[in-house]
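Here's the structure, in structure tokens; my notes come after.
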Amino acid sequence: MKMVTAVVKPFKLDEVREALSAVGVQGVTVTEVKGFGRQKGHTELYRGAEYVVDFLPKVKIEAAVDDDAVERVIEAIETSARTGKIGDGKIFVAGLEQVIRIRTGDTGKDAL
């Protein structure tokens, strides 16, 4: 099993959620986060004063998936979150040693 974590632009959340549902992902966790990558933030003008926005708003989407679904999930996130502009985000894939459903005690694939 793998934990797929994607950090994307907030307005792309609905598209990514729909794409994940279409490939069979049953549950996701979404967190509002702030961060920066290569663009290192940007400057904005507010009431004539210029200020620097260091951390840009992003959305972190996490989904635990079975090994055979990882490539489909990555492709779904990539195509639905891509705008072609800087700051589209990143996808991280990490291994999961164990998954346990608290309510039933199911483990492994059954817990997903």
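Key figures
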{"quantity": "Candidate values (i) 1.11; (ii) 1.08; (iii) 0.99, label of the one derived for Rg/Rh (Cα atoms, Kirkwood Rh)", "calculated": "(ii)"}
{"quantity": "By accessible area with a 1.4 Å probe, ligands and nucleic acids excluded, highest first: order of Asp106, Asp68", "calculated": "Asp68, Asp106"}
{"quantity": "Relative contact order computed over the chain (Cα-Cα under 8 Å; 6+ residues apart), in percent", "calculated": "42"}
{"quantity": "Cross-link reach list, lysines versus Lys34, counting only Cα pairs under 22 Å and skipping chain neighbours closer than eight places", "calculated": "Lys9, Lys12, Lys58, Lys60, Lys85, Lys90"}
{"quantity": "Within-14-Å neighbourhood charge of Thr29 [Cβ basis; K, R +1; D, E -1]", "calculated": "0"}
{"quantity": "Size of electric dipole in the chain: Cβ of Lys, Arg +1 and of Asp, Glu -1, about Cα centre, debye, nearest 20", "calculated": "420"}
{"quantity": "Residue-by-residue Karplus 3J(HN,Hα) for the range 55-62, coefficients 6.51, -1.76, 1.60, Hz, glycine and proline x", "calculated": "10, 9, x, 9, 10, 9, 10, 10"}
{"quantity": "Selection from Thr29, Leu96, Gly48 lying farthest towards where the dipole of the chain points positive, charges on Cβ", "calculated": "Gly48"}
{"quantity": "Neighbourhood charge, 13 Å Cβ-Cβ cut-off, centred on Gly95 and excluding it, Lys, Arg +1 and Asp, Glu -1", "calculated": "-2"}
{"quantity": "Residue-level accessible surface for Val8, protein heavy atoms, 1.4 Å, Å²", "calculated": "0"}
{"quantity": "Area of Thr79 that stays accessible when all protein chains are in place (1.4 Å probe, Å², to 10)", "calculated": "90"}
{"quantity": "Solvent-accessible ranking of Ile100, Ile91, Ile74, largest area first, probe 1.4 Å", "calculated": "Ile100, Ile91, Ile74"}
{"quantity": "Low-density loop cleavage sites - GluC sites (Glu not before Pro) in the range 1-109, where at most 12 other Cβ are within 10 Å (DSSP)", "calculated": "Glu97"}
{"quantity": "Net +/- balance of residues flanking Ala69 in space, Cβ distance below 11 Å, scoring K and R +1, D and E -1", "calculated": "-2"}
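The values are calculated or read from the model by the stated rules, or taken from the named source; none is laboratory data. Computed from a prediction, not measured in an experiment: that's the story for all the values here. Virtual Cβ from ideal backbone geometry, glycine too; neighbours counted across all protein chains shown. Side chains are part of the model used for accessible areas, which takes the heavy atoms of the whole protein and leaves out ligands, DNA and RNA. Shrake-Rupley method; radii C 1.70, N 1.55, O 1.52, S 1.80 Å.
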